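The values are calculated or read from the model by the stated rules, or taken from the named source; none is laboratory data. Here the structure is a predicted model, which means the values were calculated and not measured. In this analysis, Cβ positions are derived from the backbone assuming ideal geometry, glycine residues included, and neighbour counts consider all displayed protein chains.
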Amino acid sequence: MATIRSELKTRAPASDVWSAIRDIGALHTRLVPGFVTDTKLEPGARIVTFVNGTVLREPIVTLDDEARRLVWTHEGGRAQHYNGALQVSEVAEGLTSVVWTADFLPNDIGRYMSQAIEAGMAAMQRALDSLAT
């Protein structure tokens, strides 16, 4: 199984960052606008439409307010298996870290997944930086 770990740092308060991440139905407006164009909720999952037209069903595995951690999987797309996690933490006075970890199969889609996560993190960086005071 392949793993990608990507981290961003922002001056936005951790509470505001977590609020945007835990709002699982607002990817396209609050967390990664421009990377995701639509999000629809259904019981236990969200249907996500990406800018490239890909539509995935993403069952929510964990939404942990105490740990500020969201875990999801997805159905459809190129991956036979996908498990993603976003975790928020305060790393210094006025600095918040967001780590996106993705585990997936098959290994040979690593380049594709890396490019997708890079684009998602760039959109997330812009959105979260706009929350900085």
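Table for the structure above
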| read-out | value |
| --- | --- |
| Residue identified as among the charged types (D, E, K, R), closer than 28 Å to ASP108 by Cα and modelled with pLDDT of 95 or more among GLU42, GLU58, GLU66 | GLU58 |
| Residue, surrounded by the fewest Cβ atoms within 10 Å (Cβ to Cβ), within region 8-48, restricted to residues that are in contact with an Asp or Glu (Cβ under 9 Å, 6 or more places away or on another chain) and part of a helix (DSSP H, G or I) | THR29 |
| Matching option when the condition is within 17 Å of VAL99 (Cβ to Cβ) and of a type in the set (Ser, Thr, Tyr), among THR10, THR54, THR39 | THR10 |
| Residue that is modelled with pLDDT under 95 and within 29 Å of ALA132 (Cβ to Cβ), where the choices are ALA14, ALA92, ALA102, ALA116 | ALA92 |
| Residue check for ILE4: crowded, with 16+ Cβ neighbours inside 10 Å, at pLDDT 95 or above, β-branched (Val, Ile, Thr) and not in a strand (DSSP E or B) | no |
| Filter pass, LEU56 being exposed (fewer than 14 other Cβ atoms within 10 Å of the Cβ) and out of contact with any helix residue (DSSP H, G or I) (no Cβ under 7 Å at 6 or more places or on another chain) | no |
